[in-house]
Amino acid sequence: MRVNGEQYRAVWWDNGVVKYVDQRLIPYRFEVAEARTLDEVADAIVTMGVRGAPTIGVMAAYGLALAAERGDNLANAYKVLAETRPTAVNLKVGLDRVMGDDAEQILAAAKEFDESEVAAAEAIGEHGSKLISSGTRVLTHCNTGWLAAQDWGTAASVIFKAQRADKSPFVFVSETRPRLQGSRLTAWEMTNEGVDHVVIADGSSAMLMSRGEIDLVITGADRIAANGDTANKIGTYAHALAAKAHGVPFYIAAPKSTIDLGTPTGRDIEIEERDENEVLSVRGVDESGNLQTIRIASSGSGARNLAFDVTPAELIAGIITESGIVEPSVKAISAHLA
Ligand code: MRU
């Protein structure tokens, strides 16, 4: 990704330090942060300085490389990193891909995993952009671009590739309460990429579809079960139901590392529940540019904060991976991965 004329990845290894673009600060500030210990890597994932399923997989792989280089106990490091966030399977895939007992080998494997995720994200964009013709109006949810999947993205990679092929897609960016990954991160990425877009409240999609204003929905995924049921950011399921009701095709875009054949159906996916204060407040900057959290709910109220939901396979037209577009069924998915 290019920001202010410089090339960045969401996460990278730099001489024994894991560096990352701090996603808690975008779009207010663009800052590169550093993690020098296992705990700093884990904290960056838990507090969402680094987020998005493929990117946290790469972050976890570099976290293990860091622990190995520092001589930490690797079984413990694996456990600490694996427990940072439960829903995105890429985290465990990244750890399993690099786990070993030799620091140099772990680092080499982490770099290789990083490169393979970048290549997958770009290929997803190429396959998926065939679904977009000139001026297609696309709805997307959460953030699925450079920040969420190293360098290209998943659903957003499809949009970026279409834009670079001069198809001029128009994008409805669903704001994605409570962490606002849509309005903060996706809108910022779309602006940087020159894609024409508007931000909409999450609840607007059904109304826009009923008016014929949305042609296509594409979102990312945090875990795809063997039968195609897909966990993604809370609110995705509601967009999929609305799309079904209005005859709008709904696609998932994700690398094969997001498909978990060990999870038979969506019911078997653990759904992360986060701190209620994320729902009860909003975060932003004040006039001096300082980050502030402001409570918006009545002081007597509590909240439920489900971070993800599951969209059943029957609502999904297809899953776009680095190898093409696959039907969401046990048979087609296992053949696609073979
Ligand atoms: O809680 P987040 O922001 O990490 O959730 C991210 C999403 O739900 C994305 O849509 C998903 O990781 C897939 S796209 C890279």
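The values are calculated or read from the model by the stated rules, or taken from the named source; none is laboratory data. None of the values given here were measured: they were computed from a predicted structure. Every residue, glycine among them, receives a Cβ derived from its backbone with ideal geometry; neighbour counts consider all protein chains shown. Please note that ligands, DNA and RNA were not included when accessible areas were found on the heavy atoms of the full protein model with its side chains. Shrake-Rupley method; radii C 1.70, N 1.55, O 1.52, S 1.80 Å.
A few points about this structure:
- Residues that are of a type in the set (A, V, I, L, M, F, W, C) and within 15 Å of the ligand (Cβ to nearest atom), drawn from segment 27-64: A42, A44, I45, V46, M48, V50, A53, I56, V58, M59, A60
- Within the span defined as segment 264-279, one or more residues are farther than 24 Å from W152 by Cα, among the acidic types (D, E), within 22 Å of the chain's Cα centre (by Cα) and open to solvent by less than 70 Å² (accessible area, probe 1.4 Å).
- Residues in segment 18-45 that are of a type outside the set (D, E, K, R), free of Cβ contacts under 8 Å to residues at least 40 places away in the same chain and farther than 24 Å from A253 by Cα: F30, V32, A33, A35, T37, A44.
- Scanning segment 152-173 for residues that are surrounded by fewer than 24 Cβ atoms within 10 Å (Cβ to Cβ) and not in a strand (DSSP E or B) returns K161, Q163, R164, A165, D166, K167, S168.
- Qualifying residue in segment 251-266 (condition: more than 13 Å from the ligand (Cβ to nearest atom) and over 26 Å from V58 (Cα atoms)): no
- The set of residues in segment 210-220 that are open to solvent by 10 Å² or more (accessible area, probe 1.4 Å) and either within 10 Å of the ligand (Cβ to nearest atom) or without any contact (Cβ under 8 Å) to a residue 40 or more places away in the chain (or both) comprises S210, R211, G212.
- Filtered residues of segment 43-91 (kept if β-branched (V, I, T) and farther than 16 Å from A231 by Cβ): I45, V46, T47, V50, T55, V58, V80, T84
- Selection of first residues in segment 80-101 that are among the aromatic types (F, W, Y) and of second residues that are open to solvent by 20 Å² or more (accessible area, probe 1.4 Å), restricted to Cβ pairs under 8 Å at least 6 apart or on distinct chains, gives an empty result.
- The listed residue being of a type in the set (S, T, Y), in a helix (DSSP H, G or I) and within 13 Å of the ligand (Cβ to nearest atom), out of T140, T176, T144, T186: T186
- Of all residues in segment 229-282, those satisfying the criterion of being β-branched (V, I, T) and at pLDDT 95 or above are T230, I234, T236, V248, I252, T258, I259, T263, T265, I269, I271, V279.
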